1. Please determine whether any residue of the stretch 17-36 is assigned to a strand (DSSP E or B) and crowded, with 19+ Cβ neighbours inside 10 Å.
2. Which residue pairs have Cβ atoms under 8 Å apart, sit 6 or more places apart or on different chains, and have a first residue in the stretch 150-178 that is assigned to a strand (DSSP E or B) and a second that is among the charged types (D, E, K, R)?
3. Kindly provide the set of residues from the stretch 144-178 that are of a type in the set (A, V, I, L, M, F, W, C) and either closer than 16 Å to G26 by Cα or surrounded by 15 or more Cβ atoms within 10 Å (Cβ to Cβ) (or both), ordered by number.
4. Taking the stretch 99-116 only, how many residues are part of a loop (DSSP other than H, G, I, E, B) and more than 10 Å from the chain's Cα centre (by Cα)?
5. Quick one: which residue in A95, A121 is among the small types (G, A, S), over 10 Å from the mean Cα position of the chain (by Cα) and farther than 20 Å from L45 by Cα?
6. Scan (1) of a type in the set (D, E, K, R); (2) at pLDDT below 95; (3) at negative phi for the single condition R90 breaks and write down its number.
7. Does F101 satisfy the condition of being touching a Cys at 6+ places or on another chain (Cβ under 9 Å) and either under 22 Å from G35 (Cα atoms) or surrounded by fewer than 17 Cβ atoms within 10 Å (Cβ to Cβ) (or both)?
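The values are calculated or read from the model by the stated rules, or taken from the named source; none is laboratory data. Just so it is clear, the structure is predicted and the values come from calculations on it, not from any experiment. With ideal geometry, Cβ positions are generated from the backbone for all residues, glycine too; neighbour counts draw on all protein chains shown.
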Amino acid sequence: MKRICVFCGSTKGDRDAYPEAATAFGSLLAAHGLGLVYGGASIGLMGAVADAVLQAAGDVTGVIPQSLVDKEIAHSGLTQTHIVDTMHERKALMAKLSDGFVALPGGIGTLEELFEMWTWAQLDLHDKPCVLLNVAGYYDELICFLDKMTDSGYLKEASRSQLQVACSPEEAIRACKV
């Protein structure tokens, strides 16, 4: 089974469009026979995407550090849960278990995770798709900045094109098909 890693917020954000997109994306993963790998939490967009996959009888793998389990935010109903010691171990295992990466709205942790996977693609450490799901224009300014980096000569066009931008859950699924 192919698995897609989703990076996203541990909160739902300030717009209904964000959890709606997380739920739609999770449902589509299951409908397309794709498993979910994610940060293992039961809250925020992370919980929404996992719950949607589970409700559609899909496969969900959570990877969560013990420190977050101790804070009682781990999802208890997943297909499989890996408890690790550090955030570094979490990212490495999520990358190993996944065939592609999608970032929904989130904070600096979401960006850090996606950018590390994108960097690994740039360095030819993997050839898995990296997708930014730009829900309701959430990432518009970031996309403009990435284009400015390219125009300014700090990001090669070939590297820039390794990060795909999707404007809908359906488009993100198409970008992830491997």
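1. Yes.
2. Taking only residues 6 or more apart or on different chains, the pairs are A166/R174.
3. Scanning the stretch 144-178 gives L146, L155, L163, V165, A166, C167, A172, I173, A175, C176.
4. Residues in the stretch 99-116 being part of a loop (DSSP other than H, G, I, E, B) and more than 10 Å from the chain's Cα centre (by Cα): 2 in total.
5. Residue meeting the stated conditions: A121.
6. That leaves (2) as the condition not met.
7. The answer is yes for F101.
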